[in-house]
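The values are calculated or read from the model by the stated rules, or taken from the named source; none is laboratory data. If you're wondering where the values come from, they're calculated on a predicted model, not measured in any experiment. As a convention, Cβ positions derive from the backbone with ideal geometry for all residues, glycine included, and neighbour counts pool all protein chains shown.
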Amino acid sequence: MAQGRVLVVAATHGNERNAPWLLEQWRRSPQLLAAAGLELQLEIGNPEAFAANRRYLDRDLNRCFRPDLLTDASHQEREVQRARMLLAEYGPDGRQPCAVAIDLHSTTSAMGNSLVVYGRRPADLALAAGIQARLGLPVYLHEADPAQTGFLVERWPAGLVIEVGPVPQGLVTATICRQTQLALEAALDTLAAAASGRLCLPQRLQVHRHQASVDLPRAADGTPLATLHPARQHQDWRPLQAGDALFWHADGSALGFSPDDPEACWPVFINEAAYGEKGIALSLCRRESWVCSPGWAEALAELLLP
């Protein structure tokens, strides 16, 4: 593997326009991005969907990196073929192998500038902790959800998602672009510190650990019986209390929050426009503080040291 090479992906979802706009600016004028001396591969994740301004054409590309989809020749959807192409070019055994993948996304939810980590790989946690120490960004730890798998960054030795919002699908705004670039530059600075053996992690990593996803109330035919309550809109990262209004009915009545786990009260991706098809109105997390292990930094450095 080429040590220190980093894959930066934009438009994994074709209607998320801010990161690909930035990527084109960086290609034209590399000095606009502080790359911290790292070798970068800048790639449009789903160029066909991007050209059509659609999230995807056949299948969500950011769910196409499951081993069964990648290896089963009967799956010829355009996004599955694109996932194979990205791995063949930039994967650990690819023609231009990369050690780390940074996947740039935007969301219609009020997530602000945040990080998404899948599982507990030590190198991923080191990268998240390094960025959090620099910018204070919240970290959503997505794990133990068998219905949502096959994410792009999972197929690289290390990586995470930078998620910025709220912004409507298909719209480019200066604020979202600036926040995306700040987070990416913090990620690259963290990686450069690991590559030089000088990465010092904070004592603790603050995480919001995924517990469950919640759908709208629905009729037997799947029709929504309620919408998200207006008091919940744009309230990502703010805890819910038992009885708080969660869903709103057309007659004006509300359905309150009734937690199975009182600690799983921190909502994220509230009313994300693209998640309706996945049956997700919001996800609930536990808020935890983890001691940063020296082994995390060592794992990241091992991938990056020359």
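If you scan segment 238-282, which residues turn out to be more than 22 Å from Asp145 (Cα to Cα) and among the hydroxyl-bearing types (Ser, Thr, Tyr)? Ser253 - this is the single residue of segment 238-282 that is more than 22 Å from Asp145 (Cα to Cα) and among the hydroxyl-bearing types (Ser, Thr, Tyr). Would you call Gly14 part of a loop (DSSP other than H, G, I, E, B) and on the phi > 0 side of the Ramachandran plot? No, not satisfied. Within segment 245-261, residues that are assigned to a loop (DSSP other than H, G, I, E, B) have Cβ atoms under 8 Å from residues that are modelled with pLDDT of 95 or more and of a type in the set (Asp, Glu) in these pairs: Phe257/Asp244, counting only partners at least 6 apart in sequence or on another chain.
For residues in segment 182-209 being of a type in the set (S, T, N, Q) and either out of contact with any Phe, Trp or Tyr (no Cβ under 9 Å at 6 or more places or on another chain) or farther than 30 Å from Pro92 by Cα (or both), which is modelled with the lowest pLDDT? Let's see the steps before the verdict.
The initial filter retains those residues of segment 182-209 that are of a type in the set (S, T, N, Q), namely 190, 196, 203, 206.
The next check asks that each one be either out of contact with any Phe, Trp or Tyr (no Cβ under 9 Å at 6 or more places or on another chain) or farther than 30 Å from Pro92 by Cα (or both); those that pass are 190, 196, 203.
Details: Thr190: 98, Ser196: 94, Gln203: 98.
Looking at the filtered set, the residue picked out is Ser196.
Residue-by-condition table, conditions (1) without any contact (Cβ under 8 Å) to a residue 40 or more places away in the chain; (2) in contact with a Ser or Thr (Cβ under 8 Å, 6 or more places away or on another chain):
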{"residue": "Val80", "(1), (2)": "yes, no"}
{"residue": "Gly94", "(1), (2)": "yes, no"}
{"residue": "Ala99", "(1), (2)": "no, no"}
{"residue": "His105", "(1), (2)": "no, yes"}
{"residue": "Ala110", "(1), (2)": "no, no"}
{"residue": "Gly119", "(1), (2)": "yes, no"}
{"residue": "Asp124", "(1), (2)": "yes, no"}
{"residue": "Gly136", "(1), (2)": "yes, no"}
{"residue": "Tyr140", "(1), (2)": "no, yes"}
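In the set (1) over 24 Å from His13 (Cβ atoms); (2) of a type in the set (Gly, Ala, Ser); (3) surrounded by fewer than 14 Cβ atoms within 10 Å (Cβ to Cβ); (4) in contact (Cβ under 8 Å) with a residue 24 or more places away in the chain, the condition left unmet by Ala264 is number (3).
Restricting Ala242, Ala231 to residues that are over 24 Å from Glu277 (Cα atoms) and at pLDDT 95 or above narrows the list to Ala242. Please verify whether segment 169-182 includes one or more residues that are touching a helix residue (DSSP H, G or I) at 6+ places or on another chain (Cβ under 7 Å), more than 21 Å from Asn53 (Cα to Cα), part of a strand (DSSP E or B) and of a type outside the set (D, E, K, R). Within segment 169-182, not a single residue is touching a helix residue (DSSP H, G or I) at 6+ places or on another chain (Cβ under 7 Å), more than 21 Å from Asn53 (Cα to Cα), part of a strand (DSSP E or B) and of a type outside the set (D, E, K, R).
Hey, could you check segment 199-237 for residues that are basic (Lys, Arg) and closer than 30 Å to Pro122 by Cβ and say which is surrounded by the most Cβ atoms within 10 Å (Cβ to Cβ)? So that I can check it myself, show each step before the final result.
Looking only at segment 199-237, we keep the residues that are basic (Lys, Arg), and these are 204, 209, 218, 232.
Next, only the ones that are closer than 30 Å to Pro122 by Cβ stay: 204, 209.
On the way: Arg204: 14, Arg209: 20.
Among those that are basic (Lys, Arg) and closer than 30 Å to Pro122 by Cβ, it is Arg209.
Identification of helices (runs of 4 or more DSSP H) wholly contained in segment 47-164 with 2 or more residues that are farther than 19 Å from Tyr275 by Cα, touching a Pro at 6+ places or on another chain (Cβ under 7 Å) and among the hydrophobic types (A, V, I, L, M, F, W, C) yields 122-135. Number of residues in segment 19-34 that are of a type outside the set (A, V, I, L, M, F, W, C) and farther than 24 Å from Gln169 by Cβ: the value is 4. Only residues that are crowded, with 19+ Cβ neighbours inside 10 Å, polar (S, T, N, Q) and over 21 Å from Leu104 (Cα atoms) were counted in segment 55-86, giving 0. Residues in segment 1-54 that are more than 21 Å from Leu188 (Cα to Cα) and surrounded by 15 or more Cβ atoms within 10 Å (Cβ to Cβ): His13, Gly14, Asn15, Glu16, Arg17, Asn46, Glu48, Ala49, Phe50, Arg54.
Of the residues contained in segment 30-41, one or more are found to be outside any loop (DSSP other than H, G, I, E, B), out of contact with any His (no Cβ under 8 Å at 6 or more places or on another chain) and among the acidic types (Asp, Glu). If the condition is being surrounded by 21 or more Cβ atoms within 10 Å (Cβ to Cβ) and out of contact with any Leu (no Cβ under 7 Å at 6 or more places or on another chain), then segment 114-137 contributes only Tyr118.
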